[in-house]
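For reference, the structure is listed below as structure tokens.
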Amino acid sequence: MTEFTFDNKNAAKSGCKVILTATSAVKCGKFCSEQSLKKLKKAVKNEGFEANFGEVVSIFDGEEKIILLGMGKDNSLFDIQLLGGKLYKQIANATCVDMLVAKSQKLSASEVACNLAFGIELGGYSFDKYFTTKKQEDFPKLEKVNFYCDDEKISLSEYNNLHSVANAVRYARDLCNEPANYLTPQVFAEDIKRLEYLGLKVKILEEKQIRAENMNMLLSVAQGSHNSPRVVVVRWEGDKKSTEPEIGLVGKGVTFDSGGISLKPSARMGDMKGDMTGAAVVVSVMKAAALCKLKRNMTAVVGLVENMPSGHASRPGDVVKSMSGQTVEIIDTDAEGRLVLGDCLWYLQQKYNAKNIIDVATLTGSTMRTFGFEYAGLFSNNDKLAQKLFEDGEKSGEKVWRLPVTKEYDKLMDSDIADMKNLGPVNAGGITAACFLQRFVNSQNAWAHLDIAGVDKDDKGHPLTPKGATAFGVRILSKFVGCY
Ligand code: BES
Ligand code: ZN
Ligand code: ZN
């Protein structure tokens with residue numbers, strides 16, 4: 001893991017220097033030698049460097065590598081994070097880097113440095129615990145980055161919150177990348193329990209207790225698997241005296257989704273180890289809140305189950321009675337996420353005082369096909385909540401776009417033999433799934449549902465999300481709750 005220092009005059013000679021610049025008229029003060037500056041100016045001219053966003057020129061001066069990084073104009077904080085992620089690729093093989101930063105049009109040098117560090121942390125994530133033969137030199141080496149600025153003092157204090165969020169993103173990615181033979185519901189629950197050292201309260205319901213709460217929809221998903229389910233409640237009380245309406249988070253934690261008796265085709269079925277991303281995300285947001293010592297109270301409930309076919313598995317055609325008392329006809333055992341979430345939403349509202357409720361789930365292939373890998377689907381019964389999430393999405397780079405949840409669609413979920421069915425017609429699958437969830441939300445509460453199917457992983461890799469699990473949701477929700 002990379003360590004960041006700010007204005008550390010005693011930093012070791014790094015062998016790699018980076019100069020961030022908004023213009024091609026390069027200045028470096030005492031940061032590099034006259035000779036290096038001359039070489040740089042020559043390279044700038046030869047390569048037509050204009051200091052556009054992400055543009056790079058580099059030179060070697062003896063042993064020392066110097067990289068000039070263009071910052072472009074009119075940057076947002078997110079642009080700077082993206083720049084940090086892009087820069088990471090250039091410096092991943094250095095051990096130590098010294099970096100000269102400058103303020104930009106709208107941002108202070110401190111903001112620039114801290115958000116670059118955040119971007120480097122996100123972009124520098126890797127999941128390599130299962131390699132046994134790779135050599136040490138195949139892994140990234142970047143140990144330390146030290147930021148300097150000529151005009152302004154840059155401070156570490158602003159970095160603390162961003163660093164907490166980066167930590168939470170890493171935690172979520174580790175959980176999501178973990179194979180399902182290791183990360184069973186029990187192991188996942190035990191992992192969450194370990195967060196208590198941060199002051200979070202963690203309560204685990206085992207199968208018997210889940211049964212006692214009548215969470216039969218969730219149990220119907222779990223019953224085909226040897227791995228028994230867990231429901232985990234994570235609570236953060238950052239302000240015991242607060243009278244503010246509390247936030248409640250709910251996450252889909254299907255540790256593996258084979259489809260059950262409605263078995264999925266085998267192509268890419270392995271991706272379904274990531275069907276617990278919603279749960280990893282909401283638990284990680286709680287971790288971020290604890291690390292930031294956020295001054296508010298909030299609760300997360302996650303349903304951890306494995307969806308498997310077996311002689312014990314639930315069948316298409318079965319009818320189950322949810323914790324809310326409403327009955328559900330199971331049309332397709334692969335539409336299991338909503339069964340898990342419905343009971344968890346109900347549990348949260350029955351037992352805790354949450355007024356603003358957000359659930360996160362890799363819920364439907366339909367939403368994935370609608371948005372591809374750019375936006376997550378946002379569904380809500382409350383315009384204010386939806387607008388705030390939209391704005392936080394734009395700011396955090398985890399973008400969300402709202403789709404309707406209206407009574408015309410809701411009607412499509414009525415069943416001929418029970419109160420509702422778990423699957424509607426072939427079209428509008430993301431919307432009808434949201435309508436199903438809404439039947440488990442008290443209409444007095446503000447509720448939003450984020451369908452992150454698709455954006456939960458990145459097959460190609462992006463400057464801030466290396467190949468694999470993205471943990472989409474941690475950044476937007478950490479912003480929403482006020483961590484950064
Ligand atoms: N976990 C899947 C949704 C999913 C698909 C997540 C692709 C990530 C990538 C969910 O449980 C599911 O199987 N949904 C089905 C429902 C089906 C029965 C119509 C779907 O949307 O395809
Ligand atoms: Zn499924
Ligand atoms: Zn699923």
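Summed over qualifying helices (DSSP H, 4 residues or more, each -39500 (n - 2.57)) and divided by its residue number, the chain shows a 222 nm mean residue ellipticity of -10000 deg cm²/dmol. For the pair region 1-73 and region 300-323, the centres of their Cα atoms are 57 angstrom apart. The label-point distance for SER266 and LYS208, in a model that sets each label 7 Å from Cα toward Cβ, rounds to 4.0 nm. Decide, for region 375-433, between rounded, prolate and oblate: order the square roots of the alpha carbon gyration tensor eigenvalues as a ≥ b ≥ c, take rounded if a/c falls under 1.5, and otherwise choose prolate if a/b is larger than b/c, else oblate. Prolate is the answer for region 375-433, as a/c is 1.5 or above and a/b outweighs b/c.
Taking the fewest neighbouring Cβ atoms within 10 Å as the starting point, the ordered list for GLU64, GLU34, GLU143 is GLU34, GLU143, GLU64. Among beta bridges identified by DSSP and lying wholly in region 3-154, the antiparallel ones come to about 25 percent. Here's how it looks for SER262: its modeled amide H is under 5 Å from those of THR333, ASP334, which are all 5 or more places away or on a different chain. Counting other Cβ atoms within 10 Å as a rough exposure proxy, the listed residues LEU412, LEU87 run LEU412, LEU87 from fewest neighbours to most.
Using a/c under 1.5 as the rounded threshold, could you call region 120-205 rounded, prolate or oblate? The axes a ≥ b ≥ c are square roots of the C-alpha gyration tensor eigenvalues, and prolate needs a/b larger than b/c, oblate otherwise. It comes out oblate by the Cα gyration axes. Remark on region 3-154: Rg and Dmax equal 15.3, 48 Å (Cα only).
Please list, by residue number, every one of the trypsin sites (Lys or Arg not before Pro) in region 378-477 that is coil in DSSP and has at most 16 other beta-carbon atoms within 10 Å. Those that pass, being in a loop and sparsely packed, are LYS460, LYS467.
The alpha carbon gyration tensor of region 162-481 gives principal lengths a ≥ b ≥ c with a/c below 1.5, which makes the shape rounded. Couplings for region 304-319, taken from phi via the Karplus curve 6.51 cos²θ - 1.76 cosθ + 1.60 with θ = phi - 60°, read 10, 8, 10, 9, 10, x, 5, x, 9, 5, 6, 10, x, x, 5, 10 Hz in order; Gly and Pro are left as x. Of the GluC sites (Glu not before Pro) found in region 326-388, those in coil by DSSP whose Cβ has at most 14 other Cβ atoms within 10 Å are GLU374. Extension gain for the segment ASP128 to SER415, taken as residue separation times 0.36 nm less the Cα-Cα distance, is 98.6 nm to one decimal. Remark on region 66-185: ratio of C-alpha radius of gyration to 2.2 N^0.38 Å is 1.20.
Taking every DSSP bridge with both residues inside the chain, close to 40 percent are antiparallel.
Listed by chain and number, the lysines whose alpha-carbon sits under 30 Å from that of LYS45, ignoring those within fewer than 8 places in the same chain, are LYS13, LYS17, LYS27, LYS30, LYS65, LYS73, LYS86, LYS89, LYS103, LYS106. Near ARG235, within a Cβ-to-Cβ distance under 14 Å, what is the net charge of the other residues, with Lys and Arg +1 and Asp and Glu -1? Combined, the nearby Lys, Arg, Asp and Glu give +3. Near ILE19, once Lys and Arg are set to +1 and Asp and Glu to -1 for all other residues with Cβ below 13 Å from its Cβ, the sum equals +1. Based on C-alpha pairs under 8 angstrom that are at least 6 apart in sequence, the chain has a relative contact order of 15 percent. Please tell me which of these pairs span more than 28 angstrom C-alpha to C-alpha: LYS241/LYS407; LYS208/LYS295; LYS41/LYS399; LYS395/LYS457; LYS203/LYS295? Correct reply: LYS241/LYS407; LYS208/LYS295; LYS41/LYS399. Among the chymotrypsin sites (Phe, Trp or Tyr not before Pro) in region 100-137, those placed in a DSSP loop whose Cβ has at most 16 other Cβ atoms within 10 Å are PHE127, TYR130, PHE131.
Laboratory data are not the source of any read-out in this text; all were calculated from the coordinates shown. Here the structure is a predicted model, which means the values were calculated and not measured. Don't worry about glycine lacking a Cβ; one is built from the backbone with ideal geometry, like all the others, and counts go over all protein chains shown.
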